[in-house]
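K.L.:
Dumping the structure here so I can ask a few things about it.
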Amino acid sequence: MRPRYALTWKRGTKLLPRWVVVTFPLVVTLVVGSLVGVPLPRAVSPGAVFVIGVIVSVVLCIVNYRFTRSAGEVLYYPPLHQPGWLGLSTAAVELTGIGITYLTYLLFSVPYNQPFLPPLPDLGIGVVLASGYALFLNGWKTRVIRGDKEPVAETKSAEQIRTSLQQLRSDDPHFEATEQLIAGLQDLAEGYEKEPLLEQSSTPDVLRTWCSTCAASNSLTSRLRMIPATSKSPTTERTEQQVSRFREIENDLHALDIIASTGD
């Protein structure tokens, strides 16, 4: 995924109008806050307000990460099932929230003769406000992307792939399991083709090539030779190519949590 897609996941046309609507409460809050000052309790020091603000913002960031993960679960895009990319996407939303909150503060709350940086208590409150705003952004993003979709790992095709591989790698493999595996992988290829982040990707072609080559054989033994970790090993260049393709496919299956990784 390119860095510029870390924020919208190539769904900008669906997200941006909703995000603009979500921004209005932020502007109103800052404008009202600048007009009607709310004094802090005397028992609370400015430093304590800042520390409390940071703690609350950390909690909001954790919730934000969970939103990101929930949205990523339904996408046929392996990187967005991994902590690194989920963290990057969450950070992009958080930085956007901070940037827009600070810009709104400069435009509507700061008098011309005041410093650009708010005092310590206001900074703590601003961090909470920015994190809350980022949470609203990510909440809309999750609602738009997830909708009524189910996680990739819980789809019917994922179950077909999972159960058929277990059966084929057992001591008593059946030919019908290869049919289920092919059907599940073909559905997976269709999911990849519908994912905007995978446009111009060769992954669906790899899946379809493996499926068509495997389906061309009517022998269970020959099909098993195209699947790694079965009772049969590849004996020809064609089956070795198939095993190589399947290992590439299997990396995605691990990332999408369709099958457990080798170390699990």
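The values are calculated or read from the model by the stated rules, or taken from the named source; none is laboratory data. What you are looking at is a predicted structure, and each value in this text was computed from that prediction instead of being measured. Glycine gets a Cβ as well: all are built from the backbone with ideal geometry, and neighbour counts include every protein chain shown. Note: accessible area is taken over every heavy atom of the protein model, side chains too, but ligands, DNA and RNA are not part of it. Shrake-Rupley method; radii C 1.70, N 1.55, O 1.52, S 1.80 Å.
K.L.:
Could you say whether any residue in the range 70-77 is among the aromatic types (Phe, Trp, Tyr), touching a Gly at 6+ places or on another chain (Cβ under 9 Å) and within 22 Å of Val27 (Cβ to Cβ)?
P.N.:
No: the range 70-77 contains no residue that is among the aromatic types (Phe, Trp, Tyr), touching a Gly at 6+ places or on another chain (Cβ under 9 Å) and within 22 Å of Val27 (Cβ to Cβ).
K.L.:
Something else about it: Within the group Ala229, Ala260, which residue is at pLDDT below 95 and either at positive phi or of a type in the set (Phe, Trp, Tyr) (or both)?
P.N.:
Testing whether each residue is at pLDDT below 95 and either at positive phi or of a type in the set (Phe, Trp, Tyr) (or both) leaves just Ala229.
K.L.:
State which residue is least open to solvent (accessible area, probe 1.4 Å) when the search covers only the range 204-237 and only residues that are closer than 18 Å to Glu250 by Cα and charged (D, E, K, R).
P.N.:
Arg223
K.L.:
I'm trying to understand the selection: among the residues of the range 192-202, which are closer than 13 Å to Ile249 by Cβ and surrounded by 19 or more Cβ atoms within 10 Å (Cβ to Cβ)?
P.N.:
Result: Tyr192, single match.
K.L.:
In the range 85-120, what residues are β-branched (Val, Ile, Thr) and open to solvent by less than 80 Å² (accessible area, probe 1.4 Å)?
P.N.:
Listed by number, the residues that qualify are Thr90, Val93, Thr96, Ile100, Thr101, Thr104, Val110.
K.L.:
What pairs come up if the first residue lies in the range 44-65 and is within 20 Å of Ser89 (Cα to Cα) and free of Cβ contacts under 8 Å to residues at least 40 places away in the same chain, the second is open to solvent by less than 70 Å² (accessible area, probe 1.4 Å) and assigned to a helix (DSSP H, G or I), and their beta carbons are under 8 Å apart, counting only those six or more places apart or on different chains?
P.N.:
Short answer, once both residue conditions are applied: Tyr65/Leu86; Tyr65/Gly87; Tyr65/Thr90.
K.L.:
Taking into account only those residues within the range 72-84 that are in contact (Cβ under 8 Å) with a residue 40 or more places away in the chain and surrounded by fewer than 18 Cβ atoms within 10 Å (Cβ to Cβ), which is farthest from Ile62 (Cα to Cα)?
P.N.:
Taking the candidates together, the pick is Pro79.
K.L.:
Moving on. Given the condition among the basic types (Lys, Arg), open to solvent by 70 Å² or more (accessible area, probe 1.4 Å) and not assigned by the TED database to the domain that holds Val58, answer yes or no: does some residue in the range 157-164 qualify?
P.N.:
no
K.L.:
If Val54 satisfies every condition in (1) open to solvent by 20 Å² or more (accessible area, probe 1.4 Å); (2) part of a loop (DSSP other than H, G, I, E, B); (3) in the same structural domain as Phe108 (by the TED database); (4) at pLDDT 80 or above but one, which is the exception?
P.N.:
Every listed condition holds for Val54 apart from (2).
K.L.:
Hey, another quick one. Looking at the range 8-28 only, could you name the residues that are open to solvent by 70 Å² or more (accessible area, probe 1.4 Å) and within 29 Å of Ile125 (Cβ to Cβ)?
P.N.:
Those that are open to solvent by 70 Å² or more (accessible area, probe 1.4 Å) and within 29 Å of Ile125 (Cβ to Cβ): Leu16, Pro17, Arg18, Val20, Val21, Phe24, Pro25, Val28.
K.L.:
I'm checking my understanding of the structure. Among residues of the range 186-226 that are modelled with pLDDT of 95 or more and of a type in the set (Val, Ile, Thr), which one is nearest to Tyr77 (Cα to Cα)?
P.N.:
The residue in question is Val206.
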